[in-house]
Each structure stands twice: as C-alpha cells, then as structure tokens.
Amino acid sequence: MRDNNHHEEMLILRGEGVSDGVAFGNAFVYRAEQYVVNEEYFEPGDEDAFVQEWEEARHTAQVELDTFFSALENGSSEGRAILDVHKSILFDEEIEEMVETTMREDKIVPALAVSRVFDLFISIVGESSDPLIAERAADLRDVRDRLLRIIRGENSSDLSHLPENTILVANDLLPSDAATLEKGKVTAIVNESGSATAHLAILARSYRIPTVLSVPKATAFINSGEHLIVDGHDGVVVVNPDEETASAYATKKRLLDKKTALENEYQDRKGMLRDGTTVHIGINIGDDREDPGYSSCDFVGLFRTEFLYMDSQQLPTEQQQFDVYRRVLELAGDKPVTLRTLDIGGDKQLPYLSLPEEMNPFLGKRALRLCFEEMDMFKTQLRAAMRASVFGNLQIMFPMVASIDDVRQAKSVLEAVKKDLDDEGCPYDPHVPIGIMIEVPSIAFIADLVVTEVDFASIGTNDLCQYLCATDRDNAEVREYYQSFSPAMLRTVHGIVTAFNAAGKEISICGEMAADPLATKVLVGLGLRKLSMNNASTAKIKMELAQFTLEEAEDVASAVMFLKTQKDIIEYLSSAS
Amino acid sequence: MICRLTEIVNPSGLHGRPAAQLVEAAKRYRSKLTIRNITEHGEAVNAKSIVRILSLSASKGKTVELCAEGEDEIQALEDLINLIDSGFGEI
C-alpha cells in the first residue's frame, strides 16, 4: 500500500482489458463493504419485532431498486434486465419463508438469517455447470449485500452522481452498481476482480466504457483524485502519468477514436469488395465465452482448444470437453466452427503430461505427433467433438500435418472413434468435414496431392512462415529473417490456393496475415475468399476489402509474383493501396 | 396433479431474466407449481422461486418437467410451457 504523501511518481498497473478504448480521468476509489455478520441471538418473544425489521428492510430495498428503475427508463436494456432479476430475488417466496423460519426457530437476528439463507443459494447457484447460470451468484450476493447494508442502517453508496471525467476504481463492483453509473460521467472502470465473461464486462462493453478488470490491489495503489489513464484494449492503467506518457496516450486515443468511428461502420457488414465480390470473414476463438463476435462473422475459421488443456491440473475429461464444444457450437448457431485438435508441444509444459524436453520443440513432438503418441488423449478429444457435432455445424481440423501419412493416420483414428460411437449408439453428425492446417512446407508443396484426401484446409501463415524461412518467430534476434511477405511465402500461398480452388475444395487462411490490411488485396488476388482472424480485426479488414475490385486485386497479385525481395513487395503493396 | 415435459430452447437457458419471467408467470396462478431438471435427475422445486429455478442449472437442451396442482392447473401448465417453448423472446 502506498503512502498518501508520495504521489507524484508514475505507476503502471496491469489487468485484463475487457472493453476497448483509451480514457483519461480522475480516480474515484470505491470499496464495496464486506459485511461481517455477527452471531447474534435475541430473546424468545421478540420474534415478531425482528421479523418486522426484516420485512421493512425488504421494503426499503424495493424502494431503492424502483428508484434505479425510473432512473434507467431510457437507459440500457442490460441494466434493466439485471434489476428485474434483483427484484425477483428480493421477493423470492422460498427465501422469504426460510429467513422467517430460521429467525423464529433459531432466534437469530435478521442479518444473520439473511446471510445464512442467501449463502446457501449462492453456493448452490455458484456451482452450476453452466457458467451463465453460475454467474448469477453475483446477483444473489448483490441483493444480500443490499439487505445487509439496509439492516445496518447505512445509505446506499450512490454512484449515479459522480463528477465529469471520473474513472471508477473498485475492489468488487457489483452489477447493480455498474447499472446505476451515469454513462457520460464515468469515462473508464478499473476493478480488482472479474473477467471478460462477468456481468460487469458485458455492461461495460454495452456502455462502451474502456474497462480493465482483475487489477490486483487497484484500490490500494490508487487514491481518489489521482489522475489516471486507462487503456481497455491492452489492459493497462497508468497512475499519475508523466507528460511524455500522457501525450503518447493522447495520440493513441485520438487515432483510436477516429479509427474506431470509421471501422465501426463496417463491423456489422459482410466482407465485400468494391465490385460486390463476397469475401467470407471468419473469427479465431480460443475459449467458450458468450460473444467473441459471432454476430459479425460468417464462420469460425479457427477454434483453438489448448485452453482446455492448459487451464487445468489434469487432462480435461470427455464430458468437460463435450460441454465446451457443444456450448461453442450452439453459440455459433448455424455458422461453421472449425475445431483444431490439440496443438501443443515441447515449448509448453502441461503439469499432468510429461512432455520430452527437446532441443528444437517446434521441430519436435508437437501437435498431431504428440497426439499419435498419446492416443487416449487424442481419441478423447475426437469423441467429445463428434458427440458435440449434432449441436451445430462442426468441422475438424488437424494441425502440424507434414505428410499424407499424417492425414491418413489422423483420419483412421477418427474412423475408429466413429465406429466406437456407432457401437454405443451415440449420435453424431456423419458428414463433419475433415481438414488440415497447412503450415509445414512439406505439405504445402504437395497441396495438389493432399487436396483429394481432405474436405478443406486452412493456411496457418505464422508457422508456415517460420518453417519456410527457418526463423523462430518469437526470437527478437532474428526478427528481420521472419518474412511473411517474402516471395517464397506468397508463391507458397499461391500454390496452395490454386490447388484447392481447382479441386473445388474450401481453402481459408487463419494466420496473422489475414488480419493485416497490407496483405488483404494480394491474398484476395491470389484466390482466397475466406479470411479468418481475431475478432478485433474484422472491421478493419472489411473496410480494407471495400476499397478495391477483384480485377485490381488480381493485377496486384500477378505483379508481386515477379518481385524479388520482401522489401520490394512491401513497398509495392504500400504504394498500390 | 398434471405434469408435462419440455425442452429448454432459449440459448442462455433458465438464467437471470428468463428465470425471472418464469417466476412472474407462475405467480399469476393459485396452483402449486413445480419444475424439475429431468436431464440431470434433479429434484422438483418451487417454480415460483427464482433462486430454486437458478439452482436447477437448466441450460439450453435440458429437459424439464413442469407439474401443476390446483384449481387453475390446466391453464397454469399450458401458460408456463408456452413461455419456455417461446424461448423467452431470445429466439
């Protein structure tokens, strides 16, 4: 904890950025009370008086909520939905009966009865297997704390009348607190707890307030009135910024605001060239959060499944994986979801799996190679995926394929899994398309041969480039040798796309090149019509697509085929745009 | 007492607002109303209580059984089933 007298030095705190944008403002530090409820009993005979106290507390809580409702009349529907739920909890007849019964039978004071009964339901609801339902435990806590505060005779902490340019810094901001924020006044939110799926994050995004969650000890490090900069994109909070930092962020904010305004116009449009040619825009996802951008894309080009394996202390079970895959498929609706099987190797350790320590992990027992070794783990993932296939539009994609032998072996494992499911009478979609990542040169160069063995492929430009250029992409020492615009890269991509288009099979690209506006025109010119990227990039790529025609793109693509160095190609592309 | 089965079809399941809507509808009737998560072999709970409904973990795709007992049981059951089948305005 910092001393109040030493305030001038700049301090940088980090957390999870959940709502984009840069904001400047003055801190208002808000610590939600942690109510400690004492074991207090009353004398027999006083029951009615204490029951009446509880009923009055509920009435006061209702008045508070109604006041919020009227303030929200023209406010956000998300805010009203939350308060609807809180009223329903407040007047829950089971809670009412249980609180009254425990008070009468155990002679305990209202605060103790309220916390006992609510805590019971908080733990039941919090353990729900459905994360959306489990998060409603926060709403139960919210109503409980409101009642406890009222019983103690304290007024509500009113966040609805904060001064202009306030950045709210809280330890545990409750959904009802956030719902009452005055939109124009609060420029950013910093909170010690929470994550991207929390109610708070959803509200912040709907209010378009830059927000950083899970900033440890934020309320200890920051004092009310201190000047702050919040970067909701990178998850950075700057306390008492110096002049240099402030001006750097002011520039960033200006650019971001301008760019966002322009790009936002493209967010909900389809990917389309100036002449009306359609380019399908996909997103890459790496978890099962509720809305990573399904509404503004055409497909999920890459569903990374590593998070299931890395966030846990043991191998994920078939059921755990099934639940997650099913959830993602249902959330994506009828949009195709390309599930990539486990892509992990010696560069990342899993506590429960003894991976060999290798001299060259990227050339070692990675991804599919590891799966062939750990056959039970591989089959478990494929079983979970196939069982989930009936809930949406699933595609399965194998990473790190280096030969047609790899493709055939992977497919035979999948066939064995399907047969097992048949024997068990377990339903699955028999028409799930099977494809591969093209990221190893030895498969890239035989795209015309492998195309007959698969239903689709996706080019992983990051790994393809690192293998093609023999350059570790994470090694800053050799960054200049990692050349994704090299003639070799473009010719390789060209060869793959030509082979797949000729065979009438789906080909897409899911590496970082897909999200780079400088590459958009040449990729389309080379024949790609499916680009998949992180959701944050879709608007800018859609905007880029709208700038040129197919003919222009094809001209650019043929012209770069004759350029000899990456430098020449980048210069040409920069001038051609 | 009469009972009927139905499947949860709204994407977010019986979480916050849908649960509140169900309670609001249930409270319009005098009958005793219970709901049970059949898929997870859960116990029947009071359908007029939001905390009980949240405790069901009735996400999309789960089958629930609704039972009604009382003078307006037929109307009550039909009303609640229709509400669940309509997807609470989410679909």
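Quick grid of which residues meet (1) among the aromatic types (Phe, Trp, Tyr); (2) in a loop (DSSP other than H, G, I, E, B); (3) at pLDDT 95 or above:
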{"position": "A:Ser224", "(1), (2), (3)": "no, yes, no"}
{"position": "A:Ile229", "(1), (2), (3)": "no, no, yes"}
{"position": "A:Lys252", "(1), (2), (3)": "no, no, no"}
{"position": "A:Leu256", "(1), (2), (3)": "no, no, no"}
{"position": "A:Thr260", "(1), (2), (3)": "no, no, no"}
Given the condition among the acidic types (Asp, Glu), touching a Pro at 6+ places or on another chain (Cβ under 9 Å) and crowded, with 17+ Cβ neighbours inside 10 Å, answer yes or no: does some residue in segment A:440-460 qualify?
no
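Residues checked against (1) at pLDDT 95 or above; (2) closer than 17 Å to A:Gln321 by Cβ; (3) part of a helix (DSSP H, G or I):
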| residue | (1), (2), (3) |
| --- | --- |
| A:Thr380 | yes, yes, yes |
| A:Arg383 | yes, yes, yes |
| A:Met397 | yes, yes, no |
| A:Asp405 | yes, no, yes |
Quick one: how many residues across segment A:231-250 are open to solvent by 30 Å² or more (accessible area, probe 1.4 Å) and assigned to a helix (DSSP H, G or I)?
6
Quick one: how many residues across segment B:12-36 are open to solvent by less than 40 Å² (accessible area, probe 1.4 Å) and within 11 Å of chain A (Cβ to nearest Cβ)?
11
Scan of segment A:88-118 for residues that are surrounded by fewer than 20 Cβ atoms within 10 Å (Cβ to Cβ), among the acidic types (Asp, Glu) and within 12 Å of chain B (Cβ to nearest Cβ), ordered by number
A:Glu93, A:Glu94, A:Glu96, A:Glu97
Being in a helix (DSSP H, G or I) and touching a residue at least 60 places away in the same chain (Cβ under 8 Å) is the filter here; which residues of segment B:12-27 pass it?
B:Arg17, B:Pro18, B:Gln21, B:Leu22
So, in segment B:46-64, exactly how many residues are assigned to a helix (DSSP H, G or I), within 13 Å of A:Ser128 (Cα to Cα) and at the interface with chain A (Cβ under 7 Å from one of its Cβ atoms)?
4
Just the residues that are more than 12 Å from every other protein chain (Cβ to nearest Cβ) and part of a loop (DSSP other than H, G, I, E, B), please, taken from segment B:1-11.
B:Met1
Which of (1) in a helix (DSSP H, G or I); (2) free of Cβ contacts under 8 Å to residues at least 40 places away in the same chain; (3) not aromatic (Phe, Trp, Tyr) does A:His494 not meet, given it meets every other one?
(2)
Checked against (1) within 14 Å of chain B (Cβ to nearest Cβ); (2) closer than 29 Å to A:Thr219 by Cα; (3) surrounded by 21 or more Cβ atoms within 10 Å (Cβ to Cβ), A:Ala170 satisfies every condition except (1)
For segment A:522-577, give me the residue count where each residue is of a type in the set (Gly, Ala, Ser) and in a loop (DSSP other than H, G, I, E, B).
3
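The values are calculated or read from the model by the stated rules, or taken from the named source; none is laboratory data. Everything numeric here is computed off the predicted structure, so don't read it as measured data. All Cβ positions, glycine included, derive from the backbone under ideal geometry; neighbour counts span all protein chains shown. To get the accessible areas, we keep the full protein, side chains included, count just its heavy atoms, and leave off ligands, DNA and RNA. Shrake-Rupley method; radii C 1.70, N 1.55, O 1.52, S 1.80 Å.
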